[in-house]
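Enquirer: Have a look at the structure that comes next, please.
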Amino acid sequence: MTTPNYPLALAIATAGWSNHETARLINERAQRDGFRGVAIDHSRVGRWIRLGEKPRPPVPDLLAVLLSERLGQTCTPELLRLTPGHRVHVFLDAAEHEALLAVATAANLPVEEYVRALLRADLARLPSRPR
């Protein structure tokens, strides 16, 4: 199962860039910064957004810098969900799943995003977080 990368899609849309423009800017920055093996095209950017594929280094850092400069706010590879994540499997009964789906729909969020937000909010309330 693939999950679209909504944070990345939103950042690129807010920047006003197309997939072509995003790829061109990454390639230019990579060339300028001495990364000779980077050759991104628009279809690759589309797969990062639609399928949640993760680009290989140094691309996540390059894209985060470009978006930070364009948007005037800090964008990190983690915030853009360009780094590998950790999966947690939670088994719900049918009623629990339906309730969760109903609340996520009311919040206009995909259920995965809503669950992620719930977990992050609970984790933030913990007295100390191991690093």
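Enquirer: Can you find a residue that is buried (at least 17 other Cβ atoms within 10 Å of the Cβ) and within 16 Å of the chain's Cα centre (by Cα) anywhere in the range 1-8? Steps first, please.
Expert: To start, the set of residues in the range 1-8 that are buried (at least 17 other Cβ atoms within 10 Å of the Cβ) comprises 5, 8.
This time we only want the ones that are within 16 Å of the chain's Cα centre (by Cα), so: 5, 8.
Yes, there is a match, as at least one residue in the range 1-8 is buried (at least 17 other Cβ atoms within 10 Å of the Cβ) and within 16 Å of the chain's Cα centre (by Cα).
Enquirer: If you scan the range 26-51, which residues turn out to be surrounded by 18 or more Cβ atoms within 10 Å (Cβ to Cβ) and under 18 Å from the mean Cα position of the chain (by Cα)?
Expert: Hits for the range 26-51 are Ile26, Ile40, Val45, Trp48, Ile49.
Enquirer: If I filter the range 82-92 for residues that are under 16 Å from the mean Cα position of the chain (by Cα) and under 15 Å from Ile12 (Cβ atoms), do I get at least one hit? Full working, then the answer.
Expert: Step one: of the range 82-92, the residues under 16 Å from the mean Cα position of the chain (by Cα) are 82-87.
Right, trim to under 15 Å from Ile12 (Cβ atoms) and you get 82.
Yes: one or more hits.
Enquirer: Check whether at least one residue in the range 80-91 is hydrophobic (A, V, I, L, M, F, W, C) and either touching a strand residue (DSSP E or B) at 6+ places or on another chain (Cβ under 8 Å) or surrounded by 13 or more Cβ atoms within 10 Å (Cβ to Cβ) (or both), and report yes or no. Outline the logic, then answer.
Expert: The first filter runs over the range 80-91 and keeps only residues hydrophobic (A, V, I, L, M, F, W, C), leaving 80, 82, 88, 90-91.
Cutting the leftovers down to either touching a strand residue (DSSP E or B) at 6+ places or on another chain (Cβ under 8 Å) or surrounded by 13 or more Cβ atoms within 10 Å (Cβ to Cβ) (or both) gives us 80, 82.
Checked against the condition, which is being hydrophobic (A, V, I, L, M, F, W, C) and either touching a strand residue (DSSP E or B) at 6+ places or on another chain (Cβ under 8 Å) or surrounded by 13 or more Cβ atoms within 10 Å (Cβ to Cβ) (or both), the range 80-91 yields at least one hit.
Enquirer: I'm trying to understand the selection: among the residues of the range 107-126, which are assigned to a loop (DSSP other than H, G, I, E, B) and at pLDDT below 85?
Expert: If we filter the range 107-126 for residues that are assigned to a loop (DSSP other than H, G, I, E, B), which is where we start, we get 107-110, 125-126.
Matches in the range 107-126: Leu109, Pro110.
Enquirer: Does Leu109 meet the test of being assigned by TED's automatic domain parsing to the domain that holds Ala39 and under 22 Å from Thr2 (Cα atoms)?
Expert: On the way: assigned by TED's automatic domain parsing to the domain that holds Ala39: no; under 22 Å from Thr2 (Cα atoms): yes.
Answer is no for this residue.
Enquirer: Filter the helices (runs of 4 or more DSSP H) completely within the range 1-106 down to those with at least 3 residues that are farther than 20 Å from Ala117 by Cα. It would help to see each step written out before you state the result.
Expert: On the way: elements: 6-15, 19-32, 42-50, 59-71, 94-106.
Of the helices (runs of 4 or more DSSP H) lying wholly inside the range 1-106, those with at least 3 residues that are farther than 20 Å from Ala117 by Cα span 6-15, 19-32, 42-50, 59-71.
Enquirer: Moving to a separate point now. Say we look at the range 81-106 and pick out the residues that are of a type in the set (A, V, I, L, M, F, W, C) and within 30 Å of Asp61 (Cβ to Cβ); which of these is modelled with the lowest pLDDT? First the steps, then the outcome.
Expert: Here is the first cut: in the range 81-106, the ones of a type in the set (A, V, I, L, M, F, W, C) are 82, 88, 90-92, 94-95, 99-104, 106.
Subset that is within 30 Å of Asp61 (Cβ to Cβ): 82, 88.
On the way: Leu82: 95, Val88: 76.
Top of the filtered list is Val88.
Enquirer: Out of everything in the range 62-75 that is surrounded by 15 or more Cβ atoms within 10 Å (Cβ to Cβ) and either basic (Lys, Arg) or modelled with pLDDT under 95 (or both), what residue ends up being farthest from the chain's Cα centre (by Cα)?
Expert: Top of the filtered list is Arg70.
The values are calculated or read from the model by the stated rules, or taken from the named source; none is laboratory data. A quick note: this is a predicted structure, and the numbers were derived from the prediction, not measured. No Cβ is skipped: glycine too gets one built from the backbone with ideal geometry, and neighbour counts run over all protein chains shown.
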